[in-house]
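Accompanying notes for the structure given below.
Just so it is clear, none of the values below were taken in a lab; they were calculated from the coordinates. The model shown is predicted, which means the values in this text are computed figures rather than measured ones. Every residue, glycine among them, receives a Cβ derived from its backbone with ideal geometry; neighbour counts consider all protein chains shown.
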């Protein structure tokens with residue numbers, strides 16, 4: 001998969017905090033998607049607690065591969081099944097505040113079948129997650145206007161905006 005960008009503290013909090021040796025970081029892998037419905041709207045989440053938007057998807061659990069993890073996350077967060085129609089790309093994040101290297105893989109996906117109720121985790125509910133279906137251009141504008149109040153949310157907003165901009169070129 002094509003690497004879109006490597007993001008570090010310098011990109012999200014304007015601190016020149018050099019990326020250290022790769023082995024110094026704990027590794028996390030995640031799958032995300034630009035999910036498109038029959039009306040050509042995409043699914044995004046608003047996170048009230050941190051004042052930002054994010055794409056659906058999340059971490060890969062033990063025993064899962066990228067695609068199985070993605071389909072599970074989309075089922076939970078968007079309430080639907082998807083057909084993967086393409087690859088958007090890969091973004092690597094070096095979060096020095098807690099020494100984590102996260103690699104996120106993003107796909108294009110179309111809704112298959114009916115859209116059901118979402119099944120947010122307790123943590124997502126506590127953070128005030130809500131699902132929105134909107135035009136990709138509106139989504140890009142929302143992500144550009146986001147001003148998250150949290151370190152991790154700043155990474156999320158930066159990463160997912162890059163994924164949206166790359167996906168727009170493919171659609």
Q) How high is the relative contact order of the range 3-170, in percent, with contacts defined as C-alpha pairs under 8 Å that are six or more residues apart? A) 31 percent
Q. For a label point 7 angstrom out from the Cα of residue 46 toward its Cβ, which stretches of the range 128-144 have the backbone nitrogen within less than 13 Å?
A. 128-134, 139, 142-143
Q: Once you have the Cα-Cα distance between residue 28 and residue 62, take 0.36 nm times their residue separation minus that, and quote the gain in nm to one decimal.
A: 11.1 nm
Q. Can you give me the Cα centroid spacing of the range 116-147 and the range 26-88 in angstrom?
A. 11 Å
(Q) Using only Cα atoms and rounding to the nearest 10 degrees, what angle (0 to 90) does helix 151-170 make with the longest principal axis of the chain? (A) 50 degrees
Q) Sorting 143, 129 on the 10 Å Cβ count, fewest up front, what's the list? A) 129, 143
Q: Give me 25, 105 ranked fewest to most by other Cβ atoms within 10 Å of their Cβ, as a rough exposure proxy.
A: 25, 105
Q: Would you calculate, for the chain, the mean residue ellipticity at 222 nm contributed by helices, counting each DSSP H stretch of 4 or more residues as -39,500 (n - 2.57) and dividing by all residues, to the nearest 500?
A: -9000 deg cm²/dmol
Q. What angle, in degrees between 0 and 90 and rounded to the nearest 10, separates the Cα long axis of helix 66-77 from the longest principal axis of the Cα atoms of the chain?
A. 70 degrees
(Q) Testing the spin-label approximation: label points 7 Å from Cα along Cα→Cβ at residue 81 and residue 149. State their distance in nm. (A) 4.1 nm
Q. With axes computed from alpha carbons, what is the tilt in degrees of helix 136-145 against the longest principal axis of the chain, rounded to the nearest 10 within 0 to 90?
A. 30 degrees
